Amino acid sequence: MNGVAAPPRWMPFVVLGVGLMAVSFGSIFARLAQAEGVPSLAVACWRLGLAALVVTPIALWQSGHALARLDRRQGLLALAAGFFLALHFGTWITSLEYTSVASSTALVTTNPLWIGLASFVLFGERPSRMMLGGIALSFGGSLLIFWSDSQNAGAGSNPMLGNLLALIGSWCFSAYLLIGRRLRAGLPLPAYVWLAYGVAALFLAVVSGGSGSPLSGFSLSAWIVLAGMALGPQLLGHTAYNWSLRHVSATFVAVVTLGEPVVSAAMAFVIFGEGFAPLQFGGFALLLAGIYLAARGEKS
């Protein structure tokens, strides 16, 4: 026994619920920041950068010894993980300029499918029937979302581009998870989070500077929204998921995360007046069912 009392049985479910609500505010905060004139790359940069700043004293205090012993392999993995995390947030947040919150969040959360495919292609892990069924359902759902948005002028200024960016964001997040899994194996969580968020923020800062996208000069309300993104979706939400993994199965956590596009879409309907087309709604249902099957297939 490690001497640490297990939490009450209900606690992980409450923590997961809080984490789901926090993460679901990510797209809402991003839209609000964009409305305040903050460029999408700056939104992504400050979401990660402010989160890294908050984590810095914790990482140095609890994991300073691990950071001091970083070897070349870990350094390269940290660069790669940060690079793909920066691409994930850069493409996904930019997608919100062009397509609906519902479509963007539904497509960006398809990473369990791509991880399953990558595990088969890169590592020879044979996918289960549930995984294959989940991939087929999700592919059909994605096609419906693309088709619906192409016919719906109210979906955004360029929904096809936005949906494609959201998908690219999901691919990049899948690469980040696969690389981060190897890096995380040899590092405590605070050190890993600090490295991943910090490196990603630096990449985004460099790209923002090179493209002429400003990182300052924003209104007070914009900074409040950016701070809310860092503290809420990034730190509270993802920390809640990571904590829950010690007390419930990874499959259950993966299923809970399917609530993000649903909650985000509901909030976008209330706040921004974004509705649903029938085909779009059908696509969401197929996509979520496919990811659920894929998560079950991964467990089996």
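Quick notes on this one:
- Flag for SER40 being open to solvent by less than 70 Å² (accessible area, probe 1.4 Å) and modelled with pLDDT of 90 or more: yes
- Answer residue from region 217-271, given it is at pLDDT 85 or above and hydroxyl-bearing (Ser, Thr, Tyr) and is farthest from the chain's Cα centre (by Cα) among those: SER219
- Test: residue in region 130-137 that is in contact with a Ser or Thr (Cβ under 7 Å, 6 or more places away or on another chain), assigned to a helix (DSSP H, G or I), farther than 23 Å from LEU183 by Cα and open to solvent by 30 Å² or more (accessible area, probe 1.4 Å): yes
- Scanning region 42-61 turns up no residue that is of a type in the set (Val, Ile, Thr), under 20 Å from ALA175 (Cα atoms) and under 18 Å from the mean Cα position of the chain (by Cα).
Residue-wise test of (1) in a helix (DSSP H, G or I); (2) aliphatic (A, V, I, L, M).
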position: ILE28; (1), (2): yes, yes
position: LEU76; (1), (2): yes, yes
position: PHE89; (1), (2): yes, no
position: TRP92; (1), (2): yes, no
position: GLU97; (1), (2): no, no
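- Of all positions in region 108-118, at least one carries a residue that is in a helix (DSSP H, G or I), open to solvent by less than 70 Å² (accessible area, probe 1.4 Å) and either at pLDDT 95 or above or touching a Pro at 6+ places or on another chain (Cβ under 7 Å) (or both).
- Unique residue being surrounded by fewer than 21 Cβ atoms within 10 Å (Cβ to Cβ) and outside any helix (DSSP H, G or I) when the list is LEU60, LEU70, LEU53: LEU70
- Residue ID - surrounded by the most Cβ atoms within 10 Å (Cβ to Cβ), chosen from residues in region 166-177 that are modelled with pLDDT of 85 or more and out of contact with any Phe, Trp or Tyr (no Cβ under 7 Å at 6 or more places or on another chain): PHE173
- Residues located in region 256-291, provided they are more than 19 Å from PHE146 (Cα to Cα), open to solvent by 30 Å² or more (accessible area, probe 1.4 Å) and of a type in the set (Gly, Ala, Ser): ALA266, GLY273
For every residue, the table says whether it meets (1) hydrophobic (A, V, I, L, M, F, W, C); (2) within 15 Å of the chain's Cα centre (by Cα).
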{"residue": "GLY26", "(1), (2)": "no, yes"}
{"residue": "GLY75", "(1), (2)": "no, no"}
{"residue": "SER104", "(1), (2)": "no, yes"}
{"residue": "VAL108", "(1), (2)": "yes, yes"}
{"residue": "ASN111", "(1), (2)": "no, yes"}
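- Those residues of region 199-230 which are open to solvent by 20 Å² or more (accessible area, probe 1.4 Å) and closer than 27 Å to LEU70 by Cα, in sequence order: VAL199, LEU202, PHE203, ALA205, VAL206, VAL207
- Residues satisfying the criterion are absent from region 82-105 (criterion: aromatic (Phe, Trp, Tyr) and without any contact (Cβ under 8 Å) to a residue 24 or more places away in the chain).
The values are calculated or read from the model by the stated rules, or taken from the named source; none is laboratory data. Bear in mind the structure is a predicted one, so any value in this text is a computation, not a measurement. Cβ: placed from backbone, ideal geometry, glycine included. Neighbour counts: every protein chain shown. Side chains included, ligands, DNA and RNA excluded: accessible areas come from the protein's heavy atoms. Shrake-Rupley method; radii C 1.70, N 1.55, O 1.52, S 1.80 Å.
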